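Down below is the structure, laid out as structure tokens.
The values are calculated or read from the model by the stated rules, or taken from the named source; none is laboratory data. These figures come from a predicted structure and were not determined experimentally. Don't worry about glycine lacking a Cβ; one is built from the backbone with ideal geometry, like all the others, and counts go over all protein chains shown. Just the protein is used for accessible areas: all its heavy atoms, side chains included, with ligands, DNA and RNA removed. Shrake-Rupley method; radii C 1.70, N 1.55, O 1.52, S 1.80 Å.
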Amino acid sequence: MSFEIRKIGVVGAGQMGCGIAQVSASAGFEVLLNDISPERIEAGIARIGANLGRAVERGGMTVAEKDAALALIKPAADFAALGDADLVMEAASENEEVKRAVFTNLRGHLKPEAVVATNTSSISITRLAASTDRPGRFIGIHFMNPVPRMQLVELIRGIATDDETFAAAKVFIEKLHKTVTVSEDFPAFIVNRILLPMINEAIYTLYEGVGSVDAIDTAMRLGANHPMGPLQLADFIGLDTCLSIMQVLHEGLADSKYRPCPLLVKYVEAGWLGRKTQRGFYDYRSGAPIPTR
Ligand code: NAD
């Protein structure tokens, strides 16, 4: 019998970890949610509850389905609590040191057959696998943001990923009713290899004064039929995450065309990280987004 994923541990209860926990629980998987403090875990569970509440309001699920999904999500205060997970999804911050520390600290806590996956947007799966105790059972499962709404999941094998791990990950994603696309393990994979240079170019367009925030986003929404402008999208992704991905592309492919825009660096240094900090290319503090340039 092939290996079947039933119980999932999620490390990192930020926007992605919560989304992954939400869709997994909605599909009937048991979920253990971990972050660096009990407060963050509780905030994550509250956020999932609010998201599911909105799904009920929109008619996407019943109150009973929402309650059943929430009941499947339990806090996991430490990695020892992930001991009976079949899959541990790492969705901590996009920082290689942070992720390596997570994989090193997971050693010794998991079942031998458990699959460990990363939701990294850009970092080498093979390199991250080397910091785990199970490169064969390690894989990139890259969900898109917002997880409940986005149809695609990229699957990325590291050099050592075995076929059983790939197959189990694929079945897991299909049970979430999402579509798999397979990417080779190169910096930023497929979606972000194409998307982030476009966003970075939009920031250069702003930096060089070609257009205002509003002009650039309107141009791309109405001129290229994108559902969101690139700067609005950057705020949505998180400007720290955007910068990390550009740095990985720049370092990994050693091509100056991936140079992160200095204005992106400046916003991140200011702590203006987009929606998650209420301010980025737009200011969200008074409700309706107001362009900051
Ligand atoms: P986020 O900043 O919203 O959340 C990250 C969470 O990780 C925080 O709650 C933080 O406390 C937690 N964390 C940090 N160190 C930890 C540790 N040692 N142990 C446990 N938890 C820890 O970030 P996010 O947007 O949810 O991104 C998470 C991952 O998903 C990143 O790798 C990112 O590249 C990837 N991703 C993001 C997007 C996006 O659009 N934001 C899309 C796809 C993939």
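Name the single residue that is farthest from the ligand (Cβ to nearest atom) among those in region 222-277 being over 16 Å from A202 (Cβ atoms) and of a type in the set (S, T, Y).
S256
Could you check, for region 233-248, whether at least one of its residues is under 18 Å from the mean Cα position of the chain (by Cα), open to solvent by less than 20 Å² (accessible area, probe 1.4 Å) and among the acidic types (D, E)?
yes
Could you tell me whether Y284 is outside the structural domain of A92 (by TED's automatic domain parsing) and more than 26 Å from E96 (Cα to Cα)? Write out each step before concluding.
Values: outside the structural domain of A92 (by TED's automatic domain parsing): yes; more than 26 Å from E96 (Cα to Cα): yes.
In short, yes.
Can you tell which of T118, T126, T132, T104 is buried (at least 18 other Cβ atoms within 10 Å of the Cβ), modelled with pLDDT of 95 or more and either farther than 14 Å from G9 by Cα or more than 10 Å from the ligand (Cβ to nearest atom) (or both)?
Numbers: T118 fails: either farther than 14 Å from G9 by Cα or more than 10 Å from the ligand (Cβ to nearest atom) (or both); T126 fails: buried (at least 18 other Cβ atoms within 10 Å of the Cβ); T104 fails: buried (at least 18 other Cβ atoms within 10 Å of the Cβ).
After ruling out the rest, the residue left standing is T132.
Consider A13 against the criteria (1) touching a Leu at 6+ places or on another chain (Cβ under 8 Å); (2) open to solvent by 20 Å² or more (accessible area, probe 1.4 Å): it satisfies all of them except one. Which criterion is unmet?
(2)
When you look at F172, is it open to solvent by less than 50 Å² (accessible area, probe 1.4 Å), more than 15 Å from the ligand (Cβ to nearest atom) and closer than 21 Å to A85 by Cα, yes or no?
Numbers: open to solvent by less than 50 Å² (accessible area, probe 1.4 Å): yes; more than 15 Å from the ligand (Cβ to nearest atom): yes; closer than 21 Å to A85 by Cα: yes.
The answer is yes for F172.
Any residue at all in region 122-141 that is within 11 Å of the chain's Cα centre (by Cα), on the phi < 0 side of the Ramachandran plot and not in a strand (DSSP E or B)?
Looking through region 122-141, at least one residue is within 11 Å of the chain's Cα centre (by Cα), on the phi < 0 side of the Ramachandran plot and not in a strand (DSSP E or B).
Would you check if E30 is touching a residue at least 40 places away in the same chain (Cβ under 8 Å), open to solvent by 60 Å² or more (accessible area, probe 1.4 Å) and either among the acidic types (D, E) or in contact with a helix residue (DSSP H, G or I) (Cβ under 8 Å, 6 or more places away or on another chain) (or both)? First the steps, then the outcome.
Details: touching a residue at least 40 places away in the same chain (Cβ under 8 Å): yes; open to solvent by 60 Å² or more (accessible area, probe 1.4 Å): yes; either among the acidic types (D, E) or in contact with a helix residue (DSSP H, G or I) (Cβ under 8 Å, 6 or more places away or on another chain) (or both): yes.
The answer is yes for E30.
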